[in-house]
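Visitor: Structure provided below as structure tokens; questions to follow.
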Amino acid sequence: MFLSLNKLLKCSKTGSMTWVPVRHKSSGGRRPKKKIYHRVHELDRVMDLQKKPSLILQLKSIIQSQKQQSLFLRDLEKEVGFVQKWNFMAVIEKYPAIFCVEGSGSTNRTPPSVRLTDKAQKIASEEGEARNLMEPILVKNLRKLLMLSVDCRVPLEKIEFIESELGLPNNFKESLIPKYPEYFSVKDVNEKPYLNLENWDSSLTVTAREERAAQDGIPDFNVSRKQVRISKDGNYRGPNAFRLSFPVGFRPNKSCLEEIERWKKMDFPSPYLNARRFEAKDPKARKRVVAVLHELLSLTMEKRMTSAQLDAFHSEYLLPSR
């Protein structure tokens with residue numbers, strides 16, 4: 001599923017439509033059958049919603065990097081390239097509340113330039129304060145990220161790979177990590193810099209799923225043993241349950257719901273326990289992998305990552321090869 005999603009994200013960059021390739025097995029020396037593509041409308045919508053904000057934020061950063069806090073439109077091509085220039089021009093035209101074009105009149109000989117409007121500039125100036133308010137949350141999530149790993153350490157390059165997903169500043173290695181020597185340290189392992197956890201905090205081992213269950217009023221995880229009836233959508237309010245969302249049009253039969261119920265009621269080890277303690281073939285250990293992925297995604301800003309980003313942490317979290 002994650003591999004298909006990664007291919008989807010790559011395909012979406014070339015067009016507005018998202019397609020899922022379906023492979024067909026070939027036998028012997030026969031010519032393989034032609035791939036059949038099925039459109040996934042939900043992922044189309046996700047990618048469309050992501051494109052506009054990313055362009056707006058990228059243009060905002062380019063404008064703020066200029067000395068005069070404005071950018072000549074003729075220089076836009078140098079910053080983003082000839083093809084992308086037209087996408088940014090469309091964004092400038094579509095969002096006059098964010099971007100203001102100056103010097104475009106017939107009597108004005110000054111080359112046209114774009115800057116942030118006063119309202120957008122005011123909001124952008126508050127970004128630094130917002131980051132300062134978020135710093136305790138970022139530090140907490142970074143500590144939990146290290147606690148999930150088997151050795152309580154992760155290569156710095158892998159954290160940089162997902163720094164935007166975690167909400168970390170671009171210069172977090174200089175601005176954030178040195179401020180908290182009681183939590184983090186950078187050490188070389190096999191000539192590669194690793195971010196190490198300095199001390200273990202058991203209070204951080206409560207997962208996002210457990211916190212959500214406590215907010216929803218689900219009884220204590222160790223005390224609740226009541227028989228709970230599962231609904232037709234595969235969900236029920238149980239202590240060991242993960243919420244499911246079936247594809248549109250999928251109607252599970254009774255045996256399928258019973259299998260889902262058995263899996264949801266099965267207890268499993270905490271994702272913060274060392275993965276080396278469990279056998280990969282154990283059903284409880286396999287469910288624990290789901291908990292690890294769930295917790296890892298819960299640490300991100302948008303609760304999602306690409307399959308390439310997840311695969312980057314394969315060795316640190318002992319994720320299965322499939």
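Visitor: Where in region 122-158 is the amide nitrogen less than 20 Å from a point lying 7 Å along the Cα-to-Cβ axis of residue 200?
Guide: 140-155
Visitor: Within a Cβ distance under 11 Å of residue 64, other residues only, what is the Lys/Arg minus Asp/Glu net charge?
Guide: Net local charge, residue 64 excluded: +2.
Visitor: Net charge around residue 270, counting only other residues with Cβ within less than 10 Å of its Cβ (Lys, Arg = +1; Asp, Glu = -1)?
Guide: -1
Visitor: For a Förster distance of 45 Å, can you work out the FRET efficiency between the beta-carbons of residue 101 and residue 157, rounded to the nearest 0.05?
Guide: Computed FRET efficiency for residue 101 and residue 157: 0.70.
Visitor: Heads up, I need the accessible area for residue 41: 1.4 angstrom probe, whole protein in place, Å², nearest 10.
Guide: Answer for residue 41: close to 120 Å² accessible.
Visitor: Report the label-to-label distance for residue 70 and residue 232 in nanometres (one decimal), using points 7 Å from each Cα along the Cα→Cβ vector.
Guide: Between residue 70 and residue 232, the label points sit 6.2 nm apart.
Visitor: Could you tell me which trypsin sites (Lys or Arg not before Pro) in region 69-150 are loop residues by DSSP with no more than 15 other beta carbons within 10 angstrom of their beta carbon?
Guide: Here the sparse-neighbourhood loop sites are 109.
Visitor: For a quick check of your reading of the filter: which GluC sites (Glu not before Pro) in region 292-322 sit in a DSSP loop and have no more than 11 other Cβ atoms within 10 Å?
Guide: Those that pass, being in a loop and sparsely packed, are 302.
Visitor: Then there's this: Round to a whole angstrom and tell me the spacing of the C-alpha centers of region 180-208 and region 116-135.
Guide: Computed from Cα coordinates, the inter-centre distance equals 30 Å.
Visitor: In debye, nearest 20, what is the charge dipole magnitude of region 56-110 about its Cα centre with +1 on Lys and Arg Cβ and -1 on Asp and Glu Cβ, if you could check?
Guide: Here region 56-110 has a charge dipole of around 60 debye.
Visitor: Here's something else I'd like to know. Suppose every Lys and Arg Cβ carries +1 and every Asp and Glu Cβ carries -1, with no other charges. What dipole size does region 283-322 come out with about its Cα centre, to the nearest 20 debye?
Guide: My answer is approximately 300 debye.
Visitor: Of the cross-linked pairs 140/284; 264/287; 122/173; 158/284, which ones have a Cα-Cα span greater than 18 Å in the structure shown?
Guide: 140/284; 122/173; 158/284, as the Cα separations exceed 18 Å there.
Visitor: I'd like the accessible area for residue 151, computed on protein heavy atoms only with a 1.4 Å probe and all protein chains in place. Round to 10 Å², please.
Guide: 80 Å²
Visitor: Which FRET efficiency, nearest 0.05, do residue 210 and residue 110 yield, Cβ-Cβ r, R0 56 Å?
Guide: Using R0 = 56 Å, I get an efficiency of 0.40.
Visitor: About the Cα centre, and with charges only on the beta carbon of Lys, Arg (+1) and Asp, Glu (-1), how big is the dipole of region 242-322? Nearest 20 debye, please.
Guide: Roughly 240 debye, rounded to the nearest 20.
Visitor: Karplus couplings for region 273-289 from phi (6.51 cos²θ - 1.76 cosθ + 1.60, θ = phi - 60°), rounded to Hz, Gly and Pro as x?
Guide: Per residue, the Karplus-derived 3J(HN,Hα) values read 7, 5, 5, 5, 7, 10, 7, 5, 7, 5, x, 5, 5, 5, 5, 4, 4 Hz.
Visitor: Further question: Note the full-extension length gain between residue 89 and residue 186 as 0.36 nm times their separation in residues minus their Cα-Cα distance, in nm to one decimal.
Guide: 30.6 nm
Visitor: Sort region 53-110 into rounded, prolate or oblate with this rule: let a ≥ b ≥ c be the square roots of the eigenvalues of the Cα gyration tensor; rounded if a/c is under 1.5, and if a/c is not under 1.5, prolate when a/b is larger than b/c, oblate otherwise.
Guide: rounded
Visitor: Any chance you could run the full-extension gain for residue 78 through residue 322? It's 0.36 nm times the residue separation minus the Cα-Cα distance, nm to one decimal.
Guide: Working it through step by step, the gained length comes to 83.6 nm.
Visitor: Around residue 176, with a cut-off of 14 angstrom between Cβ atoms, what is the net charge of the other residues, counting Lys and Arg +1 and Asp and Glu -1?
Guide: With Lys, Arg at +1 and Asp, Glu at -1, the net is 0.
Visitor: How much length is gained on full extension from residue 290 to residue 61, taking 0.36 nm per residue of separation minus their Cα-Cα distance?
Guide: Taking residue 290 through residue 61 to full extension adds about 78.8 nm, to one decimal.
The values are calculated or read from the model by the stated rules, or taken from the named source; none is laboratory data. Keep in mind that what you see is a predicted model, and the values were worked out from it rather than measured. In this analysis, Cβ positions are derived from the backbone assuming ideal geometry, glycine residues included, and neighbour counts consider all displayed protein chains. The protein model used for the area step is the full one, side chains on, heavy atoms only, and it has no ligands, DNA or RNA in it. Shrake-Rupley method; radii C 1.70, N 1.55, O 1.52, S 1.80 Å.
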